[in-house]
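> Have a look at this one.
The values are calculated or read from the model by the stated rules, or taken from the named source; none is laboratory data. As the structure is a computational prediction, the values presented were derived from the model and not from experiment. In this analysis, Cβ positions are derived from the backbone assuming ideal geometry, glycine residues included, and neighbour counts consider all displayed protein chains.
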Amino acid sequence: MPTLVLLRHGQSEWNQENRFNGWIDTELSAVGKEQARTAGRLLQDQGLFFQKAYSSVLTRTIMTANRLLEELGQSYVKQEKVWRLNERHYGILQGENKTAMRDKYGAEQVQTWRRSYSVLPPAVSAIAPKVVIAGRTYPAFDARYKVLPLKDLPKSENIQSTEARVRPFYEGSLLPELRAGHDVLVVAHGTSIRALTKLIEGLTAEEVTKVEIPNGEPILYDFSNDLTIQQKTVLTKAEKDE
Ligand SMILES: O=C(O)[C@H](O)COP(=O)(O)O
């Protein structure tokens with residue numbers, strides 16, 4: 001019977017600095033690198049043999065998947081990098097400090113931008129190939145998105161629009177793997193995992209806004225062969241240490 005593991009990437013440098021990441025390609029922090037390895041160790045006792053691993057096209061998920069699979073002794077697993085699993089585009093909030101944004105726009109407004117299903121954060125005005133934030137240059141929209149028509153590149157996203165672009169991955173890639181009885185790993189981001197959770201569990205728009213996804217904690221779905229959820233388990237480091 002197939003098992004799906006969803007994992008939010010380890011802590012990024014900007015998670016650590018309390019800044020919005022979105023589509024900016026930030027690196028894992030030292031804590032995040034360790035979280036990725038810990039996630040691999042947490043999965044060691046689960047008897048899983050992944051046939052497929054997916055990540056987004058952002059470095060923080062790719063590096064998390066690599067470290068996890070290495071720790072698990074399954075670096076051979078076929079990996080696919082899918083832009084549809086990217087974090088939601090955070091519009092003008094990308095790169096900004098969360099506290100500074102609350103001071104500027106008010107805590108309620110910022111929380112609405114962060115967790116509302118359908119409200120969009122203010123959009124960036126142009127699709128810049130690179131952005132310079134705090135003196136460092138980050139690729140915003142680069143060669144990895146060349147396959148996409150410019151009109152499909154987001155300037156801002158919420159849970160709803162993220163769900164719309166995650167859905168073709170869910171229906172066209174993930175479900176066929178699970179239907180084939182395969183164990184699958186998906187390393188993605190807070191909001192792309194929220195969208196997947198909504199699709200997998202059939203949550204309402206209201207329910208998905210309450211879902212919080214911590215960095216580096218594997219979420220296991222054990223399915224029956226007809227893909228009914230048998231069990232959902234979240235593995236945490238605290239449990240492993242007990
Ligand atoms: O893009 C980001 O910065 C992270 O996913 C965190 O966003 P959140 O704190 O609003 O969940």
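> Could you tell me which numbered condition W83 fails, if it satisfies all but one of (1) within 21 Å of L174 (Cα to Cα); (2) touching a strand residue (DSSP E or B) at 6+ places or on another chain (Cβ under 9 Å)?
Tallying (1) within 21 Å of L174 (Cα to Cα); (2) touching a strand residue (DSSP E or B) at 6+ places or on another chain (Cβ under 9 Å), W83 fails exactly one: (2).
> While we're on this one: Quick check on R67: is it more than 14 Å from the ligand (Cβ to nearest atom), crowded, with 17+ Cβ neighbours inside 10 Å and at pLDDT 95 or above?
Values: more than 14 Å from the ligand (Cβ to nearest atom): yes; crowded, with 17+ Cβ neighbours inside 10 Å: yes; at pLDDT 95 or above: yes.
For R67, the condition - more than 14 Å from the ligand (Cβ to nearest atom), crowded, with 17+ Cβ neighbours inside 10 Å and at pLDDT 95 or above - is met.
> From the list T233, T228, T209, pick out the single residue that is under 20 Å from M1 (Cβ atoms), within 20 Å of the chain's Cα centre (by Cα) and surrounded by fewer than 21 Cβ atoms within 10 Å (Cβ to Cβ).
On the way: T228 fails: within 20 Å of the chain's Cα centre (by Cα); T209 fails: under 20 Å from M1 (Cβ atoms).
Unique residue meeting the criteria: T233.
> Could I ask something else about it? Of all residues being basic (K, R) and within 13 Å of the ligand (Cβ to nearest atom) in region 80-103, which is farthest from L153 (Cα to Cα)? Just the residue, please.
Residues of region 80-103 that are basic (K, R), as a first pass: 81, 84, 88, 98, 102.
Now narrow it down to the ones that are within 13 Å of the ligand (Cβ to nearest atom): 88, 98, 102.
Values: R88: 11, K98: 24, R102: 27 Å.
Out of the qualifying residues, it is R102.
> Check V119, V124 and return the single one that is within 15 Å of N21 (Cα to Cα), within 15 Å of the ligand (Cβ to nearest atom) and either free of Cβ contacts under 8 Å to residues at least 24 places away in the same chain or surrounded by 12 or more Cβ atoms within 10 Å (Cβ to Cβ) (or both).
Answer to the check: V124.
> So, R60, is that one crowded, with 17+ Cβ neighbours inside 10 Å, of a type in the set (K, R), within 22 Å of I200 (Cα to Cα) and under 15 Å from the mean Cα position of the chain (by Cα) or not? Break it down into steps so the answer makes sense when it comes.
On the way: crowded, with 17+ Cβ neighbours inside 10 Å: yes; of a type in the set (K, R): yes; within 22 Å of I200 (Cα to Cα): no; under 15 Å from the mean Cα position of the chain (by Cα): yes.
No: the conditions fail for R60.
> For region 7-55, enumerate the residues that are under 24 Å from K78 (Cα atoms), surrounded by fewer than 22 Cβ atoms within 10 Å (Cβ to Cβ) and within 16 Å of the ligand (Cβ to nearest atom).
Across region 7-55, the qualifying residues are D25, E27.
> Which of the residues belonging to region 152-202 are within 18 Å of the chain's Cα centre (by Cα), of a type in the set (A, V, I, L, M) and assigned to a loop (DSSP other than H, G, I, E, B)?
L153
> Output the residues belonging to region 148-172 that are over 21 Å from V131 (Cβ atoms) and among the β-branched types (V, I, T).
Once the filter is applied, which keeps residues that are over 21 Å from V131 (Cβ atoms) and among the β-branched types (V, I, T), region 148-172 yields I159, V166.
> Taking the condition among the acidic types (D, E) and touching a strand residue (DSSP E or B) at 6+ places or on another chain (Cβ under 9 Å), does D25 pass?
Taking the combined requirement at face value, the residue satisfies it.
> Still on this structure, please answer the following. Here are E212, E207, E177, E201: which of them is away from the ligand (no atom under 16 Å from the Cβ), closer than 27 Å to D45 by Cα and without any contact (Cβ under 8 Å) to a residue 40 or more places away in the chain?
E201
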